[in-house]
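FYI, it's all coordinate maths here, none of it is from the lab. Just so you know, these numbers come straight off a predicted model, no measurement behind them. Note that each Cβ is placed from the backbone with ideal geometry, even for glycine, and that neighbours are counted across all protein chains shown.
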Amino acid sequence: MTTSASPDTYNTPLVPAATANFIIAARYTCNAPAALVFRTLRNTETWRDWNRFCPRVTIRWQPDDSDEREAMEFWTAKGGHFGSPAVAVDAVQQVHAEGTERQRSSQEQKQKQPQHLLRVSQDASGAGKRKSTDTRRASSTALAKSLQQMGGEPSVRLKNGTKMTFHVRMKLPYKLTDYTDSQLVVTEVSRPNDPVNDDYSLTTIPTHTDAGKSGIYRISWALDPDKGIGGGGYPQSMLQAQRVHEVRPIVDGTGKETSCEIVTWECQKGILAKAVKFMYGKYLQERFEEWVKSLGDYCEEFVGKVDRRDFGVPAAAAAAS
């Protein structure tokens with residue numbers, strides 16, 4: 001169910017609720033893993049499939065970092081297209097353990113064989129070992145590519161510091177091709193228990209919402225301060241705005257995640273914030289409620305179908321399984 005919420009409970013680091021002139025908020029509970037919702041939201045290439053309000057995002061600049069390790073950890077934990085977390089863990093670990101296991105077996109065989117037989121065995125199996133090595137390398141490469149595809153290529157994935165332009169539809173449902181551009185910058189991307197001292201880490205900030213706890217996924221963005229009036233921006237005295245998304249895992253009594261809650265809100269202050277509220281308040285509230293519901297519904301479908309497409313499983317094989 002999609003609901004709005006009391007504005008008094010929502011703050012952002014840049015615009016506290018007490019100083020805001022306009023607050024929009026919505027939340028939705030969906031039956032999809034929180035990590036999956038988080039990664040779908042980060043991958044702006046998927047927005048055209050679920051986001052009617054902002055189907056297009058232009059990435060103007062990306063920071064230099066790599067989070068392929070995050071992709072590996074996600075698919076190991078969440079199961080990817082393998083059907084269950086246990087199967088996914090086995091598949092990922094197998095790729096990395098094959099070489100170690102085969103080396104151990106080879107050493108044991110060498111210790112058991114007489115020296116004259118060992119020399120013959122080494123000569124005869126040289127080609128086979130090279131073929132086996134090539135096979136393992138190809139398997140590892142294919143898996144790495146599949147893991148990367150899920151979160152989107154780095155060029156379209158939201159990161160801390162990403163500068164982007166939203167192309168939003170402000171006249172739905174009447175004008176689908178009429179877009180208004182908004183210049184934004186990502187101010188936070190964080191996950192539960194993010195490591196703080198690691199090359200790929202993203203700074204963890206204590207939650208600033210009514211959740212009252214950490215352990216959630218969060219993405220936030222704000223108006224790009226580097227964009228002046230001529231570049232599509234506004235002076236802070238006229239308009240400040242920041243939007244936050246949180247994806248909160250919901251667990252049962254045994255600690256197992258059963259679903260998640262998607263919460264989004266935006267705080268605005270300044271002279272223009274009052275005008276935005278007067279002209280577009282009801283419209284934006286409807287769009288925010290539609291945003292979280294569409295994202296949740298898309299991810300619910302994603303769990304059973306879209307992951308097959310992203311991993312390149314042929315249609316016939318997907319239908320047969």
*With Cβ to Cβ distances under 9 Å as the rule, what net charge do the other residues near residue 287 carry (K, R +1; D, E -1)?*
-1
*If Lys and Arg each add +1 and Asp and Glu each add -1, what is the summed charge of the other residues whose beta carbon sits under 13 Å from the beta carbon of residue 245?*
+3
*Regarding the range 259-306, what whole-number volume in Å³ per residue does the convex hull of its Cα atoms give?*
74
*Which ordering of 61, 291 is given by a fewest-first count of other beta-carbon atoms within 10 Å?*
61, 291
*Starting from the Cα of residue 251, step 7 Å along the direction of its Cβ; do the same at residue 300; then give the gap between the two resulting points in nm.*
2.4
